[in-house]
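For reference, the structure discussed in these notes is given below.
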Amino acid sequence: MNSKTKIFLAKYTVYAAVLIVLYVLQTTPRFLTILDVKPNFVIPAAVGIAMLEGEFIGGLYGAFAGVLCDLGGRMLFGFNSIILLVSCVCVGLLVIYLLRPGVINFVLLVAGTMLIRGLLEYLLSYVMWDYENVWMVLAYMILPAILYTAAVSPLIYYLLRWLNGKFSEYLQV
């Protein structure tokens, strides 16, 4: 293996480790909980990796992040994996062909991904079964979680951008 291959291997291993650490933080009881709402850290990390690395690597890490979300989620196993795989591929393609990789675009893409995921969860878990007062789930659980995740997501973006810059410096040498 040459040095570039080792650097890419280290980079992708660090990305996987970051996703696992963020998953541990996300599932820690009462960590950053405000009014029983917790932010999701894994989805912004997957979107950030897709934004910085492109559609193929983003799709792989989106599927991995989806598996992590499925491990601690309420939905059928594979629900988050499929949504994040498709979302991260779309994010990678959007950044390649249409958008610039910046923090505002990142927050909007994270909010859009979380909104699609949240609305699908809402429709498939609550509305479809015709429960009473299901609007309360949307108003008090799903939408606040989307806003809270979008609010803390720039921290994850700056971490991923810093890591990407450090590995790019090693590739330039």
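The values are calculated or read from the model by the stated rules, or taken from the named source; none is laboratory data. Note that the coordinates shown come from a computational prediction; the quantities given were computed from them, not determined experimentally. Counting neighbours? That spans all protein chains shown, and the Cβs are built from the backbone with ideal geometry, glycine included. Just so you know, the surface numbers come from the protein's heavy atoms only, side chains and all, with ligands and any DNA or RNA stripped out. Shrake-Rupley method; radii C 1.70, N 1.55, O 1.52, S 1.80 Å.
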How many residues does the stretch 145-173 hold that are open to solvent by 100 Å² or more (accessible area, probe 1.4 Å) and either touching a Cys at 6+ places or on another chain (Cβ under 8 Å) or touching a residue at least 60 places away in the same chain (Cβ under 8 Å) (or both)? 2
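I'd like to check something: does the stretch 142-149 contain any residue that is closer than 30 Å to ALA10 by Cβ and touching a helix residue (DSSP H, G or I) at 6+ places or on another chain (Cβ under 6 Å)? Outline the logic, then answer.
Keep residues of the stretch 142-149 that are closer than 30 Å to ALA10 by Cβ, which gives 149.
From what is left, the residues that are touching a helix residue (DSSP H, G or I) at 6+ places or on another chain (Cβ under 6 Å) are 149.
Checked the stretch 142-149: at least one residue is closer than 30 Å to ALA10 by Cβ and touching a helix residue (DSSP H, G or I) at 6+ places or on another chain (Cβ under 6 Å).
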Could you grab me the full set of residues in the stretch 111-142 that are under 30 Å from ARG161 (Cα atoms), of a type in the set (Val, Ile, Thr) and either modelled with pLDDT under 90 or open to solvent by less than 50 Å² (accessible area, probe 1.4 Å) (or both)? THR113, ILE142
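Does MET75 satisfy being open to solvent by less than 70 Å² (accessible area, probe 1.4 Å) and not in a helix (DSSP H, G or I)? Give the derivation first.
Numbers: open to solvent by less than 70 Å² (accessible area, probe 1.4 Å): yes; not in a helix (DSSP H, G or I): yes.
So MET75 fits the description; yes.
Report whether or not TYR131 is in a helix (DSSP H, G or I) and not hydrophobic (A, V, I, L, M, F, W, C). Step through it out loud before you land on a result.
Values: in a helix (DSSP H, G or I): no; not hydrophobic (A, V, I, L, M, F, W, C): yes.
The answer is no for TYR131.
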Does LEU19 satisfy the condition of being of a type in the set (A, V, I, L, M) and under 19 Å from ALA151 (Cα atoms)? yes
Which one of these does VAL89 not meet: (1) in a helix (DSSP H, G or I); (2) at pLDDT below 95? (2)
Provide a single number: the residues in the stretch 86-110 that are of a type in the set (Val, Ile, Thr), buried (at least 18 other Cβ atoms within 10 Å of the Cβ) and either in contact with a His (Cβ under 7 Å, 6 or more places away or on another chain) or within 15 Å of GLU53 (Cα to Cα) (or both). 3
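Can you tell which of ILE82, ILE34, ILE43, ILE20 is within 13 Å of the chain's Cα centre (by Cα), open to solvent by 50 Å² or more (accessible area, probe 1.4 Å) and touching a residue at least 40 places away in the same chain (Cβ under 8 Å)? Reasoning before the result, please.
Values: ILE82 fails: touching a residue at least 40 places away in the same chain (Cβ under 8 Å); ILE34 fails: within 13 Å of the chain's Cα centre (by Cα); ILE43 fails: open to solvent by 50 Å² or more (accessible area, probe 1.4 Å).
Of the residues listed, the single one that is within 13 Å of the chain's Cα centre (by Cα), open to solvent by 50 Å² or more (accessible area, probe 1.4 Å) and touching a residue at least 40 places away in the same chain (Cβ under 8 Å) is ILE20.
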